[in-house]
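One structure follows; several queries about it will come next.
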Protein chains: 2
Amino acid sequence: MYTYKYLRDFTKKLFLVIGCSENDAATVANVLLKSELRGISSHGLLRIADYYNLWKQGRINTNPNIVIVHETPSTAVVDGDSALGMIAAKKSMEIAIEKAKAVGTGWVSVRNSNHFGIAGYYSMMALEHDMIGIAMTNANPLVAPTFSIDRLLGTNPIAVAVPADKQPPFVADFATTPIARGKLDIMHKKGKKAPLGYVQDKDGNACDDPNILTQGGAILPLGGDYEHGSHKGYCLGSVVDILSAVLSGAGYGPWVPPSVAYLPVKNNPDVKGTGHFFGAMRIDAFRPAAEFKEMMDKWILTFRNSKPAEGQEKVLIPGDPERELEVVKMKEGIDVMPVVVEKLNEIAEELGVERI
Amino acid sequence: MYTYKYLRDFTKKLFLVIGCSENDAATVANVLLKSELRGISSHGLLRIADYYNLWKQGRINTNPNIVIVHETPSTAVVDGDSALGMIAAKKSMEIAIEKAKAVGTGWVSVRNSNHFGIAGYYSMMALEHDMIGIAMTNANPLVAPTFSIDRLLGTNPIAVAVPADKQPPFVADFATTPIARGKLDIMHKKGKKAPLGYVQDKDGNACDDPNILTQGGAILPLGGDYEHGSHKGYCLGSVVDILSAVLSGAGYGPWVPPSVAYLPVKNNPDVKGTGHFFGAMRIDAFRPAAEFKEMMDKWILTFRNSKPAEGQEKVLIPGDPERELEVVKMKEGIDVMPVVVEKLNEIAEELGVERI
């Protein structure tokens, strides 16, 4: 077990050494540690090795010039200049929030970025402004469309954060697949099988090997099979890809630059890097914020107090489990898998940073 | 088999007789017949009986005064004045499009409306303006959140339409559940069982009776069970409900006014009618439309030409099957289930309109 502060300082040091500014290193550390606190270790320290490898390959610019390349009062396209995803994402969400202040809503599509960690982090930036925040991104092409065996989409998550009054905010943050890729990695690292309905092998057969992605297999869209609505998951993943990449000119579909070693880097001169999409909607652009938040409290209580099915303890509001974990882990410390500690220490030694 | 024109004229007449204007009756007929053409008969003529019952109960205003109650350059809240959903929805999408023309995007949340038919109709209105169109609505509370047996959400569909260049547009239109309610009705009318994973009984047990909703059962969120991501479907349905109803002041969650006879009408003076949410995003608010549409063609061809799994004929783009059906049915005619014809003829006789 490590304290939040200890891991945050360690993470920040690693990113300072590879050339990030003080502010940027802090942002990366904040996003990664937020994932750990919220129990989403699949998007936490585990990913540092991926980012470090990209940096070593010259695919991460730690001194980026992130610019707006086109804009209207409510929209912008941002070029991330190959920044770490967290840096391009935070700046782009700030732009969306500023536009929402001016004209009610702000929408920013981003190209030339990289993996940004948890989408929820950026959606939650809207909350303190009494705005609804939306964040999505495309990702490593490892998901097969319904009926296909080609891997054309990422797990393409969507996050939506909605402020409430006395209740904690509603924070949905979910992959558009039954399972996030990072969670398959963790199953594999722990020697577990995957439930059927998560992945298929390279020929499209049902499969329970969480490591099948390294052998040409694919993650299925949310819904699993066609009969149970996988075409709806395919629609969702596609919409995320289009808003993140076709709107911005980032790598779409199979052209998302991979952050995992088992996917080849393909060249497509028409597109640039990973794509994200952010939205901010000012509540009082629709109705007085106090009225909305009062009704949102009622919405939350209606759902939280609904009757659980037999054998279930309680009905959850999106964001409940993560928020509860955050309190516990901030107090009791953060557990890091030995295999991740080992990898982090290898990187620390290469960079001349003290081991954890 | 009936021709499109015959059924459209018949439908229009029914709505004229109950007091709609010429324009409004045409809109309702256009939306319902578009569903039939696109093979979504669950949202077509089958629904006229529901609307007619609501009208007889005084819950539909065929001469509505639909107004903007609050707005900013990129947003509005619209009060539908108890209009038929199609009328409030079409006007609200037009407002979203006008706002997008002015400031890049337009977002409209609607209260005091009714069931609006297929969401895809409104999202597709954006296409001719070189905009991405988004439409969603809440609906009869018949979906149980993950872990619950209470019915707190509707099938809450989301539609997203994206223009392309030489390729036909991308049109996703899907319930945030494995199955739409109307499709369960059709299974029941045809005497079929529902696949496991669509519904649960009133105690939360797995169930294959498509008529279980009339006996306290619930539709499951997309994903089916928790292990396969039903909490993601629950998140999606919740986001649709919040944007459609909490933003506008419409009936949220269990307070959506039911359009089916087996759900009781509950009174909640804080909220008004059914809620919808519409968005329009001008492509050239992000990048030149020609560039985008050319890349969208490439996106579509990449997915359409991907390798089908064994036993599958081809990989589809969202909107492909519906568009293909539209061509066939416009030429060959529209089949209407005998039980629906019978019901329509009952209504026609009550209203003094010639039977079909």
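The values are calculated or read from the model by the stated rules, or taken from the named source; none is laboratory data. None of these values were measured; they are calculated from a predicted model. Here Cβ is always computed from backbone atoms with ideal geometry, including for glycine, and neighbour counts include all displayed protein chains.
Condition check ((1) closer than 20 Å to residue A:182 by Cα; (2) touching a residue at least 60 places away in the same chain (Cβ under 8 Å)) across all residues:
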| position | (1), (2) |
| --- | --- |
| A:6 | no, yes |
| A:15 | no, yes |
| A:18 | no, yes |
| A:25 | no, no |
| A:29 | yes, no |
| A:32 | yes, yes |
| A:35 | yes, yes |
| A:38 | yes, yes |
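How many residues does the stretch A:130-141 hold that are surrounded by fewer than 24 Cβ atoms within 10 Å (Cβ to Cβ), within 12 Å of chain B (Cβ to nearest Cβ) and in contact with a Ser or Thr (Cβ under 9 Å, 6 or more places away or on another chain)?
Looking only at that region, the number is 0.
Being among the small types (Gly, Ala, Ser), within 12 Å of chain B (Cβ to nearest Cβ) and closer than 15 Å to residue A:181 by Cβ is true for just one of A:161, A:144. Which residue is that?
The match here is A:144.
Restricting to the stretch A:258-290, and then to whatever is more than 8 Å from every other protein chain (Cβ to nearest Cβ) and surrounded by 24 or more Cβ atoms within 10 Å (Cβ to Cβ), can you tell me which residue is nearest to residue B:77 (Cα to Cα)?
Among residues in the stretch A:258-290 that are more than 8 Å from every other protein chain (Cβ to nearest Cβ) and surrounded by 24 or more Cβ atoms within 10 Å (Cβ to Cβ), the one nearest to residue B:77 (Cα to Cα) is A:280.
Could you figure out which of (1) modelled with pLDDT of 95 or more; (2) more than 24 Å from residue B:272 (Cβ to Cβ) isn't true of residue B:1?
It fails just one condition, (1).
Here is a follow-up. Quick check on the stretch A:192-199. Is at least one of its residues in contact with a Phe, Trp or Tyr (Cβ under 7 Å, 6 or more places away or on another chain) and either more than 10 Å from every other protein chain (Cβ to nearest Cβ) or in contact (Cβ under 8 Å) with a residue 12 or more places away in the chain (or both)?
No, the conditions are met nowhere in the stretch A:192-199.
Conditions (1) assigned to a loop (DSSP other than H, G, I, E, B); (2) touching a Lys or Arg at 6+ places or on another chain (Cβ under 9 Å); (3) farther than 30 Å from residue A:218 by Cα, marked per residue:
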position	(1), (2), (3)
B:296	no, no, no
B:303	no, no, no
B:314	yes, yes, no
B:318	yes, no, no
B:328	no, no, yes
B:342	no, no, yes
B:345	no, yes, yes
B:348	no, yes, yes
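Tally the residues that are outside any helix (DSSP H, G or I) and surrounded by 24 or more Cβ atoms within 10 Å (Cβ to Cβ), restricting the search to the stretch B:23-51.
1
Mind listing whichever residues of the stretch B:243-285 are without any contact (Cβ under 8 Å) to a residue 40 or more places away in the chain and under 25 Å from residue B:94 (Cα atoms)?
B:246
Hey, can you tell me all the residues within the stretch A:195-213 that are surrounded by fewer than 21 Cβ atoms within 10 Å (Cβ to Cβ) and closer than 22 Å to residue B:177 by Cα?
Once the filter is applied, which keeps residues that are surrounded by fewer than 21 Cβ atoms within 10 Å (Cβ to Cβ) and closer than 22 Å to residue B:177 by Cα, the stretch A:195-213 yields A:195, A:196.
Looking at the stretch B:214-236, which of the residues that are over 19 Å from the mean Cα position of the chain (by Cα) and in a helix (DSSP H, G or I) is surrounded by the fewest Cβ atoms within 10 Å (Cβ to Cβ)?
Looking at residues that are over 19 Å from the mean Cα position of the chain (by Cα) and in a helix (DSSP H, G or I), I get B:215.
Another one. All but one of (1) touching a helix residue (DSSP H, G or I) at 6+ places or on another chain (Cβ under 8 Å); (2) facing chain B (nearest Cβ under 8 Å) hold for residue A:326; which doesn't?
The failed condition is (2).
Would you be able to say whether some residue in the stretch B:182-203 is under 20 Å from residue B:28 (Cβ atoms) and among the aliphatic types (A, V, I, L, M)?
no
Which of the residues spanning the stretch B:181-194 are touching a helix residue (DSSP H, G or I) at 6+ places or on another chain (Cβ under 8 Å) and exposed (fewer than 15 other Cβ atoms within 10 Å of the Cβ)?
Scanning the stretch B:181-194 gives a single hit, B:193.
Considering only residues that are assigned to a loop (DSSP other than H, G, I, E, B) and more than 10 Å from every other protein chain (Cβ to nearest Cβ), look in the stretch A:89-129 and name the one that is nearest to residue A:58 (Cα to Cα).
A:114
If I go through the stretch B:308-332 residue by residue, how many of them are touching a strand residue (DSSP E or B) at 6+ places or on another chain (Cβ under 6 Å) and surrounded by fewer than 16 Cβ atoms within 10 Å (Cβ to Cβ)?
Residues in the stretch B:308-332 being touching a strand residue (DSSP E or B) at 6+ places or on another chain (Cβ under 6 Å) and surrounded by fewer than 16 Cβ atoms within 10 Å (Cβ to Cβ): 1 in total.
Which count do you get for residues in the stretch A:153-166 that are buried (at least 24 other Cβ atoms within 10 Å of the Cβ) and either touching a Leu at 6+ places or on another chain (Cβ under 9 Å) or free of Cβ contacts under 8 Å to residues at least 40 places away in the same chain (or both)?
Total meeting the criteria: 8.
Out of curiosity, is residue A:265 outside any loop (DSSP other than H, G, I, E, B) and modelled with pLDDT under 95?
In short, no.
Here's something else I'd like to know. Scan the stretch A:200-225 for residues that are facing chain B (nearest Cβ under 9 Å), within 16 Å of residue B:308 (Cβ to Cβ) and in contact (Cβ under 8 Å) with a residue 40 or more places away in the chain and jot them down.
A:200, A:203, A:204
Right, next: Does residue A:159 satisfy the condition of being more than 18 Å from residue B:241 (Cα to Cα), small (Gly, Ala, Ser) and under 13 Å from the mean Cα position of the chain (by Cα)?
In short, no.
Let me ask something else. Going through the stretch B:295-310 one residue at a time, which ones are at the interface with another protein chain (Cβ under 9 Å from one of its Cβ atoms) and among the acidic types (Asp, Glu)?
Of everything in the stretch B:295-310, just one residue is at the interface with another protein chain (Cβ under 9 Å from one of its Cβ atoms) and among the acidic types (Asp, Glu), namely B:310.
Follow-up. For the structure I just gave you, tell me whether residue B:313 is more than 17 Å from residue A:145 (Cβ to Cβ), more than 7 Å from every other protein chain (Cβ to nearest Cβ) and of a type in the set (D, E, K, R).
Criteria not met by residue B:313.
Same structure, new question: Would you please list the contacts, defined by Cβ atoms under 7 Å and residues six or more apart or on different chains, that run from a residue in the stretch A:167-183 that is in the same structural domain as residue A:123 (by TED's automatic domain parsing) and assigned to a helix (DSSP H, G or I) to a residue that is among the acidic types (Asp, Glu) and crowded, with 24+ Cβ neighbours inside 10 Å?
That search, which allows pairs on different chains as well, returns nothing.
Within the stretch B:89-111, how many residues are touching a His at 6+ places or on another chain (Cβ under 7 Å) and of a type in the set (A, V, I, L, M)?
Summing the residues that are touching a His at 6+ places or on another chain (Cβ under 7 Å) and of a type in the set (A, V, I, L, M) in the stretch B:89-111 gives 3.
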